[in-house]
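The values are calculated or read from the model by the stated rules, or taken from the named source; none is laboratory data. On a predicted model such as this, the values are computed, not experimentally measured, just so you know. So basically every Cβ, Gly included, is an ideal-geometry build from the backbone, and we count neighbours across all protein chains shown.
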Amino acid sequence: MKKRVAVLQGDGIGKEVTDASIAVLEAIGRRFQHEFEWKYGLLGGVAIDKAGKPLPEETIAICEESDAILLGAVGGPAWDNNPSHLRPERGLLQIRKHFELSVNLRPVQAFKSLLAVSPLKEDVAAGVDMMIVRELTGGLYFGEPSHHDNDKAVDTLLYSREEIERVVTHAFELAKIRRNKVTSVDKANVLESSKLWRKIVEEIAEKYPDVEYEHMLVDAAAMKLITYPSSFDVIVTENMFGDILSDEASVITGSLGMLPSASLRVDGFGLYEPIHGSAPDIAGKNIANPIGTILSSAMMLRSSFGMLEEANAIEEAVKNVLDAGYCTSEFKEIGRNILSTTEMTEKIISEIESKTVKT
Ligand code: NAD
Ligand code: IPM
Ligand code: MN
């Protein structure tokens, strides 16, 4: 089966981690007889430099002609003082909005072989398996008015019923095929938008009598993610809370570089990217962890292409390589084998290829 994938490498380590992902997908193509066609587009700082804007029309056209989008990361110090409309991050927000990628899935799983390097105690991190469902195209990121001058600034936290219903329904549907539990995170003791959010969660929960649900205030959720992370199954929350909580949850796995994500439109079209940023501090050194992006491509295979066996093959290869004691350099534990980005990618590919039935 041939699939067209738009590749938006972005800035910093974006090229290194998307190259890794493409090499892994090529290996999957060889093993399972699929063909992938890669179409490269500019996004972020590199697009500002080469095309004068963070999301050029040509990039949108490339994505529209594709079956899915693979994204690295955007941003960096070179563009940090640009006006808002010329920031790399604006391009990312625009592409999410343009393609109506309203549901952002951020799975967090503790790998057994990395428990010792988690900043949490091993027995706290053990057994963590949660899905953070982050609303991605509403809330503070997009509400108007939004501006500042020297003396005052305003951002607007706006949510419509439809936006909340869409993401909350997705969360309940996911819970049904997981462990039947939804934790809805809000700040309903203060925010009006959270009061509506809570009301809608309760309405939707009535349609899912087998799914247990709870409301949790975001400050308490931040605490519980660290004290009792294995108690969560599906977490559903608004845009900014989800951004912050998912970075927090990522360290349970030992590194921000491990976490994948899928940003989905209701019809299943998706953009796949790691949750980390462009990591300017390590860019160009061939030391970035490619696993978050590689696992994002597994999510692409499963969610956009229905290639379940292929997605499992990537996830299993990653697990096997970690179990064999390999990791990238941000894991500082003594006694593990530290690999570069390209070496880690090669190890994962060898693992995928070792399962190929030779004819
Ligand atoms: P970051 O995620 O880029 O980096 C935070 C820390 O994690 C750094 O120490 C970095 O070296 C480390 N890290 C991140 N990814 C890693 C990986 N794959 N392997 C090993 N270590 C990794 O966050 P930041 O430094 O706050 O932001 C840098 C830039 O990235 C900013 O311009 C920010 O706006 C942007 N950003 C973009 C995205 C995105 O494109 N989705 C996400 C977050 C931040
Ligand atoms: C993420 C990033 C983005 C966000 C930024 C770069 C706009 O932090 O994908 O998590 O806040 O959504
Ligand atoms: Mn983030």
Restricting to the range 197-247, what's the tally of residues that are among the aliphatic types (A, V, I, L, M), more than 16 Å from ligand 3 (Cβ to nearest atom) and farther than 19 Å from Gln109 by Cα?
-> 8
Between a first residue in the range 68-90 that is within 20 Å of Pro260 (Cβ to Cβ) and a second residue that is of a type in the set (S, T, N, Q) and more than 12 Å from ligand 1 (Cβ to nearest atom), which pairs have beta carbons less than 8 Å apart while being 6 or more apart in sequence or on different chains?
-> Ala68/Ser304; Leu70/Ser297
Please name all residue pairs, on different chains or six or more residues apart, with Cβ atoms under 6 Å, provided the first residue is in the range 230-245 and is among the hydrophobic types (A, V, I, L, M, F, W, C) and the second residue is within 16 Å of ligand 1 (Cβ to nearest atom).
-> Ile235/Ile132; Met240/Leu140
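Anything in the range 194-226 that is part of a loop (DSSP other than H, G, I, E, B) and either outside the structural domain of Leu158 (by TED's automatic domain parsing) or of a type outside the set (D, E, K, R) (or both)? List them, or say none.
Step one: of the range 194-226, the residues part of a loop (DSSP other than H, G, I, E, B) are 206-211.
Listed by number, the residues that qualify are Tyr208, Pro209, Val211.
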Somewhere in the range 265-280, is a residue near ligand 1 (Cβ under 10 Å from one of its atoms) and under 18 Å from Val117 (Cα atoms)?
-> no
Out of Leu301, Leu271, which single residue is under 26 Å from Val74 (Cβ atoms) and in a strand (DSSP E or B)?
-> Leu271
Evaluate the range 82-104: report whether one residue or more is touching a Phe, Trp or Tyr at 6+ places or on another chain (Cβ under 9 Å), within 25 Å of Arg134 (Cβ to Cβ) and more than 12 Å from ligand 2 (Cβ to nearest atom).
-> yes
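Condition check: surrounded by 22 or more Cβ atoms within 10 Å (Cβ to Cβ), in a loop (DSSP other than H, G, I, E, B), in contact with an Asp or Glu (Cβ under 9 Å, 6 or more places away or on another chain) and modelled with pLDDT of 95 or more. Does Ile287 satisfy that? Spell out how you get there, then give the answer.
Numbers: surrounded by 22 or more Cβ atoms within 10 Å (Cβ to Cβ): no; in a loop (DSSP other than H, G, I, E, B): yes; in contact with an Asp or Glu (Cβ under 9 Å, 6 or more places away or on another chain): yes; modelled with pLDDT of 95 or more: yes.
Here the answer is no, as Ile287 does not meet what is asked.
Quick one: which of Leu140, Leu136, Leu174 is within 25 Å of Tyr272 (Cβ to Cβ), at pLDDT 95 or above and in contact with a Lys or Arg (Cβ under 8 Å, 6 or more places away or on another chain)? Reasoning before the result, please.
Numbers: Leu140 fails: in contact with a Lys or Arg (Cβ under 8 Å, 6 or more places away or on another chain); Leu174 fails: in contact with a Lys or Arg (Cβ under 8 Å, 6 or more places away or on another chain).
Among Leu140, Leu136, Leu174, only Leu136 is within 25 Å of Tyr272 (Cβ to Cβ), at pLDDT 95 or above and in contact with a Lys or Arg (Cβ under 8 Å, 6 or more places away or on another chain).
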Among Lys39, Lys15, Lys3, Lys50, which is the only one that is surrounded by fewer than 22 Cβ atoms within 10 Å (Cβ to Cβ), more than 26 Å from Leu308 (Cβ to Cβ), more than 16 Å from ligand 1 (Cβ to nearest atom) and among the charged types (D, E, K, R)?
-> Lys50
